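Following: one structure in structure tokens, then a few remarks.
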Amino acid sequence: DTAVSQTPKYLVTQMGNDKSIKCEQNLGHDTMYWYKQDSKKFLKIMFSYNNKELIINETVPNRFSPKSPDKAHLNLHINSLELGDSAVYFCASSQGNLAGDTQYFGPGTRLTVL
Amino acid sequence: QQQVKQSPQSLIVQKGGISIINCAYENTAFDYFPWYQQFPGKGPALLIAIRPDVSEKKEGRFTISFNKSAKQFSLHIMDSQPGDSATYFCAATLEEYRSSNTGKLIFGQGTTLQVKP
């Protein structure tokens, strides 16, 4: 009964490739997020969607494109991968989109760009 | 001004001891301060949270102390156990994010806690 699931868990790829990470939540939440955690464990929000609508779009290269086919899914597509994209990417969801709503994180996808 | 500064970066505590992690912020508009716990290979999970209208919140062995005038808040883990070994993140969020319904959290840099048996 995984609440927030991500696939794949590990992703190893060459520079220049295009890859996608999928996220699904079965909590019935309205809001979903993508976070990037770098090698120093710093956690930073990238995107947020509320009911399939883009709410937050931080300063992220436009090679990163989120897509929300429905409110239970938020996928992340990355074009022309670069070495600096290597990180752990976390998907999260929350009941609503208020600041105080608890965010539930997925297990993460470790992306390694060679 | 949107930063949250967390210290120490790493902490080693003996079993049964008290672990203390500190965070400081600049923006006085921050009005919700959660702490997240992350075990290796897992995603962060909410541990405890506080709003600035109270100075302390306790849940079991975990206590948040909040000093509004100093713009600081801290996590105290009493009777620390090896199972508490994890990375802890403080976070903060702004009223404007709440009113604009974005749910944006600003995270501190994280503290890796190791509790020795």
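Bear in mind that the values in this text are calculations on the coordinates, not laboratory data. As the structure is a computational prediction, the values presented were derived from the model and not from experiment. Positions of Cβ are backbone-derived with ideal geometry, glycine not excepted, and every protein chain shown enters the neighbour counts.
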Open item on the list: Inside 10 Å of the C-beta atoms of A:80-89, what's the mean count of C-beta atoms belonging to other chains?
Closed with: 0
TODO: Quick one: compute the contact order of chain B, relative version, from alpha carbon pairs under 8 angstrom and 6+ residues apart, as a percent.
DONE: 37 percent
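Ignoring the sites themselves, what is the longest stretch of chain A with no trypsin sites (Lys or Arg not before Pro) in a DSSP loop and at most 15 other beta-carbon atoms within 10 Å? The partial results should precede the final answer.
Numbers: sites that count: A:LYS9, A:LYS40, A:LYS52, A:ARG63.
In short, A:64-114.
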Open item on the list: How many angstrom lie between the Cα centre of the stretch A:37-71 and the Cα centre of the stretch A:6-25?
Closed with: 14 Å
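Just from its helices, what would the mean residue ellipticity at 222 nm be for the protein assembly as shown, if runs of 4 or more DSSP H residues each count -39500 (n - 2.57) and the sum is divided by every residue, rounded to the nearest 500 deg cm²/dmol? Provide the component values of the computation, followed by the final result.
Details: 1 runs with 5 residues, N = 231.
Taking each H run of at least 4 residues, the total per residue is -500 deg cm²/dmol.
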Open item on the list: Using +1 at the C-beta of Lys and Arg and -1 at the C-beta of Asp and Glu, which of B:LEU94, B:GLN38, B:PRO82 has the Cα lying farthest in the positive direction of the dipole of chain B?
Closed with: B:PRO82
- [ ] Compute the signed sum of charges (Lys and Arg +1, Asp and Glu -1) over the other residues within less than 14 Å, Cβ to Cβ, of A:THR7.
- [x] +3
